[in-house]
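Right, one structure below, let's go through it.
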Amino acid sequence: MNDLDAVRELYGEPTANPQARLVLRGIRARVVNGRPRRRRPIFRLAVAGLAAAAAAVAAVPVAHSWLGADGRITAGVRSGPDLLREMADRAESAPAGQGRYWHVESLSHRPFNKRLGAAPNRYEVEEAEIAAYWTDREGRAWFAFRDLGARPRTAADREAWARDGSPEKWDKTVEPKLKVKLSTQPDQGHVGQVRGKANDEPDAPDDFVFAGSVATYDEIQGLPAEPRELTAAVRDRTLRSTTRSEYDEHNITSTLAEDLLADLPAPPAVRAAALRALADRSDFQYAGPAADDWGRRGELFRMEAAGGRLREELLIDPATTQVLSSRTESRSEPEGPIVKDNSKTYLKVGWTDVPPAIPAVPEGFWDRIT
């Protein structure tokens, strides 16, 4: 049973209702019965991918150029902890965000895990989607989702797909209890307000998901601004909301990195504390400069858990301290084949006054991610 199977077993099969999808955003991203958080993460490395990144340890210096506090590009050598502490200084001096909604919009893609087509013309496809959410300071939440369609993954897959008649839709059962319904075209998307937890009313607060449990806006704003205190608070919350497992330390690091730097409206002092805490985490390793599929450059950091069976990467912009993109690989054995490969690009993160709406389809996105 994988983590989504566990979610279905606990909460039932998800519906097309966008409000249900936002609930799954919180559930799927966290531990289910002690399993690691699953993030639907997009980037290609300027270094030679995950295998090369494995050789780079957090404290090992890497030669490259970086943005100094004076705004100048400087060439030299920096270690991961050095870079994180410099980012923390920059984050701490940033102005507090202004706007009505905390807004995060991301584009994710992943291989569909079953081959399609009729023998001998079997091929694999890749799916893509955009998800966005808005949460105001009272905890009211809105969610939008748009399926961007699917297409053959590789040149060989495209050739097999063409021999199979170049279908634009797939709607059939590929194995017992697994019905495929895919299209090469984006759908119309959905947007809606999330109903409150207690009384199923639209105006009831939904709050934020932090370290595996619900937190209010005020709780996020009141998190410790001292690195060790912040780590302790994250550890306590993580261990209280999940079953103890070999992923505990990974989940703590991931909360500091992705929750507080991307998903949640943490104030500048808390973002700075998270970066300083990450500088002291031995499992947050620096892999060097890299670029994502949108051509945005940043510093690449890597996390590993379960003896190498789970590997995550985050690309962080050193100038804004924003997470640009993420990638997750999972294996049944540390050096075995990849069984899941999920990538995500953060397109928009921050406060806004623009009201919730169905996301637009990014022009030429398939050319970027394949």
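General observations
- Among the candidates L300, L260, L264, L278, residue that is in contact with a strand residue (DSSP E or B) (Cβ under 9 Å, 6 or more places away or on another chain), among the aliphatic types (A, V, I, L, M) and farther than 15 Å from I316 by Cα: L264
- Only one of S213, S166 that is surrounded by fewer than 16 Cβ atoms within 10 Å (Cβ to Cβ), hydroxyl-bearing (S, T, Y) and modelled with pLDDT of 90 or more: S166
- Any hit, segment 234-250, residues being more than 30 Å from G307 (Cα to Cα), among the hydrophobic types (A, V, I, L, M, F, W, C) and modelled with pLDDT of 85 or more: no
- Taking residues in segment 354-366 that are farther than 20 Å from Q193 by Cβ, and partners anywhere that are of a type outside the set (G, A, S), the pairs with Cβ atoms closer than 6 Å and at least 6 places apart or on different chains are V361/P186.
- Cβ-Cβ under 9 Å pairs, at least 6 apart or on other chains, segment 300-321 side on the phi < 0 side of the Ramachandran plot and of a type in the set (S, T, Y), far side buried (at least 21 other Cβ atoms within 10 Å of the Cβ) and not in a strand (DSSP E or B): T320/A91
- The set of residues from segment 116-172 being among the aromatic types (F, W, Y) and more than 16 Å from S106 (Cβ to Cβ) comprises Y123, W161, W170.
- Only strands (runs of 3 or more DSSP E) whose full extent lies in segment 264-370 are considered here, and the ones with at least 2 residues that are under 30 Å from R137 (Cα atoms), modelled with pLDDT of 90 or more and not charged (D, E, K, R) are 310-316, 323-331, 338-352.
- Some residue of segment 222-230 being assigned to a helix (DSSP H, G or I), at pLDDT 95 or above and closer than 22 Å to E312 by Cβ: yes
- Evaluated against (1) surrounded by fewer than 22 Cβ atoms within 10 Å (Cβ to Cβ); (2) among the β-branched types (V, I, T); (3) under 21 Å from E126 (Cβ atoms); (4) touching a strand residue (DSSP E or B) at 6+ places or on another chain (Cβ under 6 Å), T352 falls short on exactly one condition, (3).
The values are calculated or read from the model by the stated rules, or taken from the named source; none is laboratory data. Not measured: the values here are computed from a predicted model. All Cβ positions, glycine included, derive from the backbone under ideal geometry; neighbour counts span all protein chains shown.
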